[in-house]
1. Could you point to the residue in A:MET59, A:SER15, A:THR313 farthest towards the positive end of chain A's charge dipole, with +1 and -1 charges on the Cβ of Lys/Arg and Asp/Glu respectively?
2. What share of the DSSP beta bridges in the protein assembly as shown is antiparallel, in percent to the nearest 5?
3. Give me the mean projected area, in nm² to one decimal, of the convex hull enclosing the Cα positions of the range A:163-387.
4. Using Cβ counts within 10 Å as a stand-in for footprinting exposure, how do B:HIS5, A:HIS144 rank, fewest first?
5. Among A:VAL33, A:SER381, A:LEU175, whose Cα sits farthest toward the positive end of the charge dipole of chain A (+1 at Cβ of Lys/Arg, -1 at Cβ of Asp/Glu, about the Cα centre)?
6. In a shell of Cβ-Cβ distance under 13 Å around A:ILE120, excluding A:ILE120 itself, what net charge do Lys and Arg (+1) and Asp and Glu (-1) give?
7. Given the C-alpha centroids of the range A:241-301 and the range A:13-72, what is the distance between them in whole angstrom?
8. How much net charge surrounds A:GLY505 when only the other residues with a Cβ under 12 Å from the Cβ of A:GLY505 are counted, with Lys and Arg +1 and Asp and Glu -1?
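Just so it is clear, none of the values below were taken in a lab; they were calculated from the coordinates. This structure is a prediction, so every number in the text was calculated from the model and none was measured. Positions of Cβ are generated from backbone atoms using ideal geometry, with glycine treated the same way; all protein chains shown enter the neighbour counts.
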Amino acid sequence: MQAQEPLTILIAEDSAADRLLLSTIVRRQGHEVLTAANGAEAVEVFRRQQPHLVLMDAMMPVMDGFEAAQQIKALAGETLVPIIFLTSLTESEALARCLEAGGDDFLAKPYNQVILAAKIKAMDRLRRLQATVLQQRDLIAKHHDYLLNEQRVAKAVFDKVAHSGCLSAPNIRYLQSPYALFNGDLLLAAYTPAGDMHVLLGDFTGHGLPAAVGAMPLAEVFYGMTAKGYGLAETLREMNAKLKRILPVDMFCCATMLCLSFQRRTVEVWNGGMPDGYLHRIASGERVPLSARHLPLGVLSPQAFDDRTEVQTMAVGDRVFLLSDGVIDTTDGDDRLFGVERLQQLFAVNREPDNLFAEIEQALLEFRGEPRDDVSMVEISLLDAAQVMPPAPVYSDSGQSCPLDWSVSFEFRGATLKRFNPLPYLLQLLLEVHGLRTQSGAIYSVLAELYSNALEHGVLGLDSSLKRDAAGFARYYEQRNARLEALQDGYVRVHLQVRPQGTGGCLVIRVEDSGKGFDVARVMERPVDGVRLSGRGVSLIRQLGHNARWSDEGRSACVEFFWEVRA
Amino acid sequence: MTDQHVDREVLDALREVMEDSYPDLLDTFLTDSESRLHQLQKTADAKVLAEVAHSFKGSASNMGAVRLATLCQALEADARNKSPAEIVDLVADISSEFADVRPVYEDERQHALTH
């Protein structure tokens, strides 16, 4: 049996003989003894010396044992100081009074040494138990504060990364409500050099800090590649590869990524594991579900990754609505899910498209008991291209050493055309010329249009008139993927020439393809018109560039850009 | 005489616990008891009587004076209900009992000091 540790014990007893006897007994048991002859003295001694345990006579002059016990318990606070009443009271009522007053046990007179020792031991065990509990509580509280602080720091970094895009653009509305300290759903938006908009809504496995850690590398890829002019497919491939490489095996990111083109009035969609998004066509009231056709990011190896996207047409005013599964999974007090049906009902009931977002928000608030996950919703509208004003990109170099008189030619052949997008690289090259930077959007749009024409209509031989309606669109992109997959021969040549002119300079872009060409005269007869879905984007090229001309039966396109340097 | 009045086993235990302080304990008890007895004889207040009797009962039982303890218990329990005459009688009994056991404790004290 474990030996009793020596304690400091206060003996409060008014009878001198009894006090002497008890002190001797307790001292012989190895403890240090403090004495008091009445209640008031007992409280005073306790206040000064903080004994571990108190033996308290019930009846004492000046202040009786009950009163003294209450005061001592109050002084002790959270710490357990056991009080053993010394009493020859026999009535049960009196005994009960001892307990109410804060006594923990009794010892009857005449004092029995064996029983006293046993009671002291038992009370000490309780005392130490309480001390342990308090210590652990304090440790837990400290730990908790520490973790909260870590999360706060992480949140600050995360916010900078996750929200540095163009979420405040006029055509975007969004709601994010956090389950824990911050919302781990990722909502990114950025303009491409051509003035298109990339949007990504992502939901990592788990939530809070561990989920958000994967978000930062993902956001870097998104912003970096979007700014350089990379398309959806390439950006997704890179994001998938990165997450596959860095995340642990059981972590991944469900995501929906969009490319909204105001120029072409289309939305390109890739959905990996997210709930259905919806394309709302205002004119017909139709809601096209944008369902998940892919696995989430970070699951498949780069070789197995499927970057095929879906393209839908849009009219001005149409909206794309995306949500994270936190919305569907919101539960009420009875553990019922908000569910897809309720969402569909809200769609059906809505009269004013502008209010839909707020209506859903309201319905969630009314429904919600328990948030079970981060909730994110975003609505992106298609504005007229003229209303879209992406911010001018910022460059850090001075321009003293930029190239002003040069030309370069590229030929991209079969195998390369299948897997390589040269546009970001070509754009970077052109942006070395400072004078061209203010027109980077227009240049990129024109380059992209010329290249895609050369590849799709020229080399792949796709019929542009297919793109006259939504169904035709789908067929067009199916054919495109199939023919690209099967491509063996063919080429696209890109020639760039920069020459000084006056105080500025001139850029000539010429793109040639190995295709069959087209009836240039017929296409030129059509009035310059920005609304048509089909056509070889000829209108766009003629509007954005200068002196656009086609030769070699349509296989060669040429366009110019000029700039002036103001003093 | 000692069997009903003083429990010898209690004294043996006390002697064993107190060791060299045994005489001090005996002294303290005798002094305390005298002053308590004095208080009992002087007061008529039922509350005070009960408190003093209670206290006296406690020490008496600790010191093995079993009959003395019992008498004090009787006084404590009924102080309120007894007539002044009855109280005087009880106090006299207590006083007499104390006088009887006193020599026992004095003997003990003497014995401890010389051995």
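1. A:THR313
2. Details: 76 of 94 bridges.
In the protein assembly as shown, DSSP labels about 80 percent of beta bridges as antiparallel.
3. On the way: hull surface 47.4 nm².
If I average the Cα hull's projected area over directions, I get 11.9 nm².
4. Values: B:HIS5 15, A:HIS144 10.
Result, fewest neighbours first: A:HIS144, B:HIS5.
5. In chain A, that residue is A:SER381.
6. Working: positive: A:ARG27, A:ARG28, A:LYS119, A:LYS121, A:ARG125, A:ARG127, A:ARG128; negative: A:GLU5, A:GLU32, A:ASP104, A:ASP105, A:ASP124.
Computed value for this residue: +2.
7. If you average the Cα positions of each part, the centres end up 77 Å apart.
8. Values: positive: A:ARG499; negative: A:ASP405, A:GLU560, A:GLU564.
Overall, the nearby charge balance is -2.
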